[in-house]
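To start, the structure itself, in structure tokens.
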Amino acid sequence: MAYTEEELKKELESKEYEYGFYTDIESDTLPKGISEDVVIAISRKKEEPAWMTEWRLESFRIWKEMTEPEWANIKYNKPDFQDISYYSAPNKKPKYDSLDEVDPELLETFKKLGIPLEEQKKLAGVAVDIVMDSVSVATTFKKTLAEKGIIFCSISEAIKEHPELVQKYLGSVVPRKDNFYAALNSAVFSDGSFCYIPKGVRCPMELSTYFRINQAGTGQFERTLVVADEGSYVSYLEGCTAPSRDENQLHAAVVELIALDDAEIKYSTVQNWFPGDKEGHGGVYNFVTKRGLCERNAKISWTQVETGSAITWKYPSCILKGDNSIGEFYSIAVTNNHQQADTGTKMIHLGKNTRSTIISKGISAGKSQNSYRGLVQVNSRATNARNFSQCDSLLMGNECGAHTFPYIEVKNQTAQIEHEATTSKIGEDQIFYCNQRGIDTEKAIALIVNGFSKEVLNKLPMEFAVEAQKLLEISLEGSVG
Amino acid sequence: MLKIKNLHAGVENKKILKGINLEVNPGEVHAIMGPNGSGKSTLASVIAGREDFEVTRGKILFEGEDLEDLAPEERAHNGIFLSFQYPVEIPGVTVTNFIKTAINETRKARGEEDMPANQMLKLIREKAELLEIDRKFFSRSLNEGFSGGEKKRNEIFQMAMLQPKLAILDETDSGLDIDALRIVANGVNKLRSRDNAVVVITHYQRLLEYIIPDFVHVMHDGKIVKSGTKELALELEEKGYDWVKQEAVL
């Protein structure tokens, strides 16, 4: 067999790791920096099959050739990719022995959100003395799901247990070369979730509680893959209203949804990562790629409530490939203090009679900047495509900004596109009116903001909506003096 | 109940109220009339505690308590209600949700529990009937797309729900047709008691045919220049505001 020089080089390189590198890293955390060695080491740590290692390596090679994008309406110091540790084994050791040691401010927030005590402990990283209720709940869930043939596990487990599904779908919606952060994630993703709903099965529960319990300790490069087979339905909840304090500054997740013919996926996110302090120090950079593919008659709905992170950069999108498929995007993005958000969606209409709806609500307070960026693309084959977009911005105070960047590309004359945008300000008149009725200013703002966000909050599953509503109130506390 | 002593107030560099004296007792209805720009609405806003206006001299006492250090919501909790001349819109907040919040926040401030839902519902039904308000109205966003009449009726509905000790109606008659005027006035009359008081601010005598005042005050250039009984309103209607203006100059 004749090797090309490239192949030879590759093999030589990979051989080195087999003998040299792996044994050195028994510790739980990899040394800082990224290289092919590190990528291979991660794959080994996770005991992945060779195809996965190769997939990661290829991603890394792609990533190396890419440059960090700069088009977003945000300002930040670019991360030093050699100064990040790309793998850290899930830390099982509790950070604290009792709740008394936890930051009181954090506990206060938990209390306001009404999070049960045991869960508070878990979220704050406190040792839990007895077996948590949730563990048994999780087991019950797993059993119910298994009876329906639903696979719901970590992506690492799926790579080992269901390689045929992972191999078929991983990177099929968000290709490795899609963008800088997607390529990076593909190379080094630490863990995440995998979900498969078999043909015709309606998932009997929100895949939420389970996920939420397992949320603590997921890494900074998460990878989620949801496959809804023909005629199936699933509602998936991601995130948590509780504030997540994380030392990892850069979060670059990738979420891929695949809705086969007649399937429906509802994906809801509540994100409340550490936004940095009032002066804008610290905080998480949240650079996420989320995309769904709809086959014939399929439907994907993204609903998100974003209140956290110093910088949010994400565009949950739908590729409406199949005829009659539907894409929806409902979003509330709150920015306060020095937070920056550049978020929106892409609706790519490929099939006939495809429909999409975009409702985006941006709330800016303090010195924050909040941008909506959305693309509606109708390709030449997409006869009778329809889109309705509505982008509303609410400003609080005089130092924040709201921006709307709608992009519309239409290549089929039968398309119907509607775009509406409004910007309003919480007026002193409104506040005084509420005050006069006995409602204090904090409560008045909460009332006005909830009214503004109602269309989106209504799209969230009931239980989540209540929490999200409280979260909005807390995020904006003290933003109007 | 309400005692205003030599009240001076204004906005930056502009004096609007220049020495108001007024006393309102429980059970009384006072009408404050006067031409545009005489300071009627400013007086209402200052009593309610609007921060755009600065009180430079004088005092407002409500049930013996100086209002100076009380925030607008605290004044509301104490029983002061202002029916706005221009009620504001709050998109996405229903009439029901708004009044529920207002009632419960007031109860909370008084150290009471939230009003039970069935009691609230009963109260809403009762007041809706009194003011001839259609049920559908309650699921609409507060004041959004309301006609002038609907806005004012909603103000009086809120007043009926909150049962204040002192209600100040700022130009409640403006934008009302004759039927709506009658309904609103009827509502106000039914809510009158020996324990509460009403201050009606109006430009025209028309409303006073329905809400009969015990006292009428005429404002001009930030002062009450004439006070009298309901006959004063009629005289004013006949002679016009120029009459008071001239008298004030003399």
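For the range B:185-211, filtering for residues that are part of a loop (DSSP other than H, G, I, E, B) and touching a helix residue (DSSP H, G or I) at 6+ places or on another chain (Cβ under 6 Å) leaves 3. With respect to the stated conditions, B:ALA109 is within 14 Å of chain A (Cβ to nearest Cβ), surrounded by fewer than 22 Cβ atoms within 10 Å (Cβ to Cβ) and in contact (Cβ under 8 Å) with a residue 24 or more places away in the chain.
Selection over the range B:222-242 of residues that are at positive phi and within 19 Å of the chain's Cα centre (by Cα) gives a count of 1.
Which of (1) over 17 Å from the mean Cα position of the chain (by Cα); (2) on the phi > 0 side of the Ramachandran plot does B:GLY175 not meet, given it meets every other one? If we test B:GLY175 against (1) over 17 Å from the mean Cα position of the chain (by Cα); (2) on the phi > 0 side of the Ramachandran plot, just (1) comes out false. Checked against (1) in a loop (DSSP other than H, G, I, E, B); (2) at the interface with another protein chain (Cβ under 8 Å from one of its Cβ atoms), A:THR414 passes all but a single condition, namely (2).
Considering only the range B:54-65, I want to know if a residue exists there that is on the phi < 0 side of the Ramachandran plot and within 12 Å of chain A (Cβ to nearest Cβ). Within the range B:54-65 (the criterion being on the phi < 0 side of the Ramachandran plot and within 12 Å of chain A (Cβ to nearest Cβ)), the answer is no, since none of the residues qualifies. Scanning the range A:317-335 for residues that are of a type outside the set (Gly, Ala, Ser) and under 16 Å from A:ASN387 (Cα atoms) turns up A:CYS318, A:ILE319, A:LEU320, A:LYS321, A:ASP323, A:ASN324, A:ILE326, A:GLU328, A:PHE329, A:TYR330.
When residues in the range A:266-308 are screened for being among the small types (Gly, Ala, Ser), within 18 Å of A:VAL456 (Cβ to Cβ) and modelled with pLDDT under 90, 1 of them pass.
Scanning the range B:88-103 for residues that are more than 7 Å from chain A (Cβ to nearest Cβ), outside any strand (DSSP E or B) and either closer than 16 Å to A:ILE431 by Cβ or of a type in the set (Ser, Thr, Tyr) (or both) gives B:GLU89, B:THR96, B:PHE98. Being surrounded by fewer than 22 Cβ atoms within 10 Å (Cβ to Cβ) and closer than 22 Å to A:ILE448 by Cβ is the requirement here; does A:LYS346 meet it? Judged against the criteria, A:LYS346 is not a match. Taking B:GLY79, is it surrounded by 14 or more Cβ atoms within 10 Å (Cβ to Cβ), in contact with a His (Cβ under 6 Å, 6 or more places away or on another chain), more than 8 Å from chain A (Cβ to nearest Cβ) and modelled with pLDDT of 95 or more? Here the answer is no, as B:GLY79 does not meet what is asked.
When the range B:66-76 is limited to residues that are within 14 Å of another protein chain (Cβ to nearest Cβ) and over 17 Å from B:PHE157 (Cβ atoms), the one that is surrounded by the most Cβ atoms within 10 Å (Cβ to Cβ) turns out to be B:PRO72.
Name the single residue, out of those in the range A:438-456 being of a type outside the set (Gly, Ala, Ser) and surrounded by fewer than 23 Cβ atoms within 10 Å (Cβ to Cβ), that is nearest to A:GLY374 (Cα to Cα). Per the stated criteria, the residue is A:VAL456. Just to be sure before I move on: is B:THR42 facing chain A (nearest Cβ under 8 Å) and either among the β-branched types (Val, Ile, Thr) or surrounded by fewer than 22 Cβ atoms within 10 Å (Cβ to Cβ) (or both) in the structure I sent? For B:THR42, the condition - facing chain A (nearest Cβ under 8 Å) and either among the β-branched types (Val, Ile, Thr) or surrounded by fewer than 22 Cβ atoms within 10 Å (Cβ to Cβ) (or both) - is not met. Restricting attention to the range A:292-316, the residues being surrounded by 24 or more Cβ atoms within 10 Å (Cβ to Cβ) and under 12 Å from the mean Cα position of the chain (by Cα) number 10.
Assess whether A:ASP429 counts as being at pLDDT 90 or above, touching a helix residue (DSSP H, G or I) at 6+ places or on another chain (Cβ under 8 Å) and surrounded by fewer than 23 Cβ atoms within 10 Å (Cβ to Cβ). No; evaluated as a whole, the condition is false for this residue.
Whenever a residue of the range A:47-58 is under 13 Å from A:SER190 (Cα atoms), it has no partner that is surrounded by fewer than 17 Cβ atoms within 10 Å (Cβ to Cβ) and among the aromatic types (Phe, Trp, Tyr) lying with C-beta atoms less than 7 angstrom away and at least six residues away or across chains. Could you list all residues from the range B:104-160 that are in a loop (DSSP other than H, G, I, E, B), of a type outside the set (Asp, Glu) and more than 21 Å from the chain's Cα centre (by Cα)? Within the range B:104-160, B:ARG110, B:GLY111, B:MET115, B:PRO116, B:ARG140, B:GLY145 qualify. Residues that are surrounded by 14 or more Cβ atoms within 10 Å (Cβ to Cβ), aliphatic (A, V, I, L, M), touching a residue at least 40 places away in the same chain (Cβ under 8 Å) and closer than 18 Å to A:LYS443 by Cβ are absent from the range B:121-141. Looking across the range A:382-405, just one residue is part of a loop (DSSP other than H, G, I, E, B), under 30 Å from A:GLY322 (Cβ atoms) and either in contact with a helix residue (DSSP H, G or I) (Cβ under 8 Å, 6 or more places away or on another chain) or β-branched (Val, Ile, Thr) (or both), and that is A:THR383. Within the range B:7-25, not a single residue is outside any helix (DSSP H, G or I), within 14 Å of chain A (Cβ to nearest Cβ), surrounded by 14 or more Cβ atoms within 10 Å (Cβ to Cβ) and at positive phi.
Could you list, in sequence order, the residues of the range A:344-358 that are within 18 Å of A:GLU420 (Cβ to Cβ) and touching a Phe, Trp or Tyr at 6+ places or on another chain (Cβ under 8 Å)? Residues satisfying the conditions are A:GLY344, A:THR345, A:MET347, A:SER356, A:THR357, A:ILE358. Quick check: is even one residue across the range A:430-448 within 14 Å of another protein chain (Cβ to nearest Cβ) and on the phi > 0 side of the Ramachandran plot? Yes, the range A:430-448 has at least one match. Restricting attention to the range B:66-98 and to residues that are β-branched (Val, Ile, Thr) and within 17 Å of the chain's Cα centre (by Cα), the residue that is nearest to B:ALA48 (Cα to Cα) turns out to be B:ILE80. The one condition from (1) closer than 30 Å to A:HIS349 by Cα; (2) within 14 Å of chain B (Cβ to nearest Cβ); (3) free of Cβ contacts under 8 Å to residues at least 60 places away in the same chain that A:ASN379 does not meet is (2).
Restricting the range B:175-214 to residues that are within 23 Å of B:GLY34 (Cα to Cα) and without any contact (Cβ under 8 Å) to a residue 12 or more places away in the chain, the residue that is surrounded by the fewest Cβ atoms within 10 Å (Cβ to Cβ) is B:ILE178. Residues in the range A:451-458: is at least one acidic (Asp, Glu), at the interface with chain B (Cβ under 7 Å from one of its Cβ atoms), closer than 21 Å to B:GLU89 by Cα and assigned to a helix (DSSP H, G or I)? Within the range A:451-458, not a single residue is acidic (Asp, Glu), at the interface with chain B (Cβ under 7 Å from one of its Cβ atoms), closer than 21 Å to B:GLU89 by Cα and assigned to a helix (DSSP H, G or I). Would you check if there is a residue in the range A:364-372 being on the phi < 0 side of the Ramachandran plot, crowded, with 22+ Cβ neighbours inside 10 Å and of a type in the set (Phe, Trp, Tyr)? Yes; the residues of the range A:364-372 include at least one that is on the phi < 0 side of the Ramachandran plot, crowded, with 22+ Cβ neighbours inside 10 Å and of a type in the set (Phe, Trp, Tyr).
The values are calculated or read from the model by the stated rules, or taken from the named source; none is laboratory data. These numbers come from a predicted model, not from an experiment. Positions of Cβ are backbone-derived with ideal geometry, glycine not excepted, and every protein chain shown enters the neighbour counts.
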